[in-house]
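Undergrad: Pasting a structure below so you can have a look.
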Amino acid sequence: PVLGLKLTDMGRETHSRSIVAMQVYDRLNAAYPELKAMHQVVVRADADRSPEVTAALRALAADLKDDPRHDGTPRLTQSPDKRISMLQLQVPYYVSSAEAQSSLKDIRTTYVPQTIGKVTGAETAVTGEVARYSDYPTHQEQKLPLIVGALLLVTFAMTVRAFRSVVLGLVGVVLNLLSAAASLGVLVLAFQHTWAEGLLDFTSTGSIGSRVPLFLFVILFGLS
């Protein structure tokens with residue numbers, strides 16, 4: 001990781017437990033652990049495939065019955081036109097936990113292909129809270145280099161156009177990268193670690209929000 005940066009998509013479980021709302025949240029989770037998170041297996045198929053889809057979703061739920069990473073009673077719903085079906089699977093773990101993330105991976109790569117994947121013409125997606133906390137950071141990580149590259153290119157082009165100097169364009173790009181790296185380093189030093197908690201009166205999550213690098217680059221480049 002660059003500059004020792006540890007990125008995470010901040011969930012409710014990452015907030016300080018001194019917050020009253022988080023204390024209530026913890027009590028609710030203790031009373032209803034199966035409601036901590038949820039997978040939603042959504043299927044789109046022709047209406048005449050509805051019986052096959054329903055049977056496949058029930059088979060998927062049965063396959064997961066003895067999996068300790070799932071709890072509660074699966075809920076199967078269907079749209080009035082019978083083209084969209086959804087199976088909700090309860091996960092008794094926080095969305096960012098290893099158990100929740102591994103269950104998402106197994107559903108997508110193993111359970112869905114073995115059940116819904118055998119229904120001809122069916123389109124399937126696995127969404128829900130766990131998927132959001134997995135897919136968004138992954139998507140952002142893939143696109144961030146493109147955004148940074150575009151910012152560097154625009155900075156270089158505008159500087160060269162304004163000052164008629166390729167050297168100044170390159171200097172502008174280098175200085176912007178240095179300023180962004182320094183700013184990100186300060187954020188990591190102050191907020192990812194715990195030494196500044198008392199000084200700044202906050203509780204460290206041990207990481208930096210996944211959106212921070214994106215906002216930092218865009219705002220700093222825009223100001224410069």
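The values are calculated or read from the model by the stated rules, or taken from the named source; none is laboratory data. Values in this document were obtained by computation on a predicted structure and should not be read as measured data. Reconstructed Cβ throughout: ideal geometry from the backbone, glycine too, with neighbour counts over all protein chains shown. Protein only, heavy atoms only, side chains kept; ligands, DNA and RNA dropped before computing areas. Shrake-Rupley method; radii C 1.70, N 1.55, O 1.52, S 1.80 Å.
Undergrad: Is there any pair with a first residue in region 51-68 that is farther than 21 Å from G121 by Cβ and a second that is open to solvent by 80 Å² or more (accessible area, probe 1.4 Å) whose Cβ atoms are under 8 Å apart and which are 6 or more apart or on different chains, and what are they?
TA: D63/Q114
Undergrad: Quick test of your reading of the structure: V167 fulfils all but one of (1) open to solvent by less than 60 Å² (accessible area, probe 1.4 Å); (2) of a type in the set (V, I, T); (3) farther than 22 Å from L214 by Cβ. Name the failing condition by number.
TA: So V167 meets the others, but not (1).
Undergrad: For residues that are in contact with a helix residue (DSSP H, G or I) (Cβ under 8 Å, 6 or more places away or on another chain) and either without any contact (Cβ under 8 Å) to a residue 40 or more places away in the chain or more than 14 Å from S224 (Cβ to Cβ) (or both), tally how many sit in region 155-164. Working first, answer last.
TA: If we filter region 155-164 for residues that are in contact with a helix residue (DSSP H, G or I) (Cβ under 8 Å, 6 or more places away or on another chain), which is where we start, we get 155-157, 159-160, 163.
Filter again for either without any contact (Cβ under 8 Å) to a residue 40 or more places away in the chain or more than 14 Å from S224 (Cβ to Cβ) (or both), leaving 156-157, 159-160, 163.
Selection size over region 155-164: 5.
Undergrad: Restricting the search to region 86-108, which residues are of a type in the set (G, A, S) and open to solvent by 10 Å² or more (accessible area, probe 1.4 Å)?
TA: Initially, region 86-108 is screened for residues of a type in the set (G, A, S), giving 96-98, 100, 102-103.
Correct list: S96, S97, A98, S102.
Undergrad: Ok, one more. Does region 186-203 contain at least one residue that is open to solvent by 80 Å² or more (accessible area, probe 1.4 Å) and touching a strand residue (DSSP E or B) at 6+ places or on another chain (Cβ under 9 Å)?
TA: Yes; the residues of region 186-203 include at least one that is open to solvent by 80 Å² or more (accessible area, probe 1.4 Å) and touching a strand residue (DSSP E or B) at 6+ places or on another chain (Cβ under 9 Å).
Undergrad: Ok, one more. For S179, only one of the following conditions fails: (1) part of a helix (DSSP H, G or I); (2) among the hydroxyl-bearing types (S, T, Y); (3) buried (at least 16 other Cβ atoms within 10 Å of the Cβ). What is its number?
TA: The single condition S179 does not satisfy is (3).
Undergrad: Could you count how many residues in region 62-72 are touching a strand residue (DSSP E or B) at 6+ places or on another chain (Cβ under 8 Å) and either closer than 13 Å to P92 by Cα or at pLDDT 95 or above (or both)? Quick ask: steps written out before the conclusion?
TA: Within region 62-72, the first condition is being touching a strand residue (DSSP E or B) at 6+ places or on another chain (Cβ under 8 Å), and the residues that meet it are 64, 69-72.
Filter once more, keeping what is either closer than 13 Å to P92 by Cα or at pLDDT 95 or above (or both): 69-72.
Number satisfying all stated conditions: 4.
Undergrad: If you don't mind, there's one more thing I want to ask. Would you mind stating whether K105 is within 19 Å of L64 (Cβ to Cβ) and among the basic types (K, R)?
TA: On the way: within 19 Å of L64 (Cβ to Cβ): yes; among the basic types (K, R): yes.
Against the criterion (within 19 Å of L64 (Cβ to Cβ) and among the basic types (K, R)), K105 qualifies.
Undergrad: Which one of these does F221 not meet: (1) surrounded by 12 or more Cβ atoms within 10 Å (Cβ to Cβ); (2) closer than 30 Å to S18 by Cβ?
TA: Tallying (1) surrounded by 12 or more Cβ atoms within 10 Å (Cβ to Cβ); (2) closer than 30 Å to S18 by Cβ, F221 fails exactly one: (2).
Undergrad: Which of the residues belonging to region 52-85 are part of a loop (DSSP other than H, G, I, E, B), touching a helix residue (DSSP H, G or I) at 6+ places or on another chain (Cβ under 9 Å), open to solvent by 40 Å² or more (accessible area, probe 1.4 Å) and among the acidic types (D, E)?
TA: D81
Undergrad: Quick one: V130 ticks every box in (1) in contact with a Phe, Trp or Tyr (Cβ under 9 Å, 6 or more places away or on another chain); (2) farther than 30 Å from G209 by Cβ except a single one, so which number is it?
TA: Among (1) in contact with a Phe, Trp or Tyr (Cβ under 9 Å, 6 or more places away or on another chain); (2) farther than 30 Å from G209 by Cβ, the lone unmet condition for V130 is (2).
Undergrad: Could you check how many residues of region 110-156 are of a type in the set (A, V, I, L, M), open to solvent by 30 Å² or more (accessible area, probe 1.4 Å) and part of a strand (DSSP E or B)?
TA: Final tally of qualifying residues: 1.
Undergrad: When the residues of region 19-41 are narrowed to those that are at pLDDT 85 or above and of a type outside the set (A, V, I, L, M, F, W, C), which ends up surrounded by the most Cβ atoms within 10 Å (Cβ to Cβ)?
TA: That would be H39.
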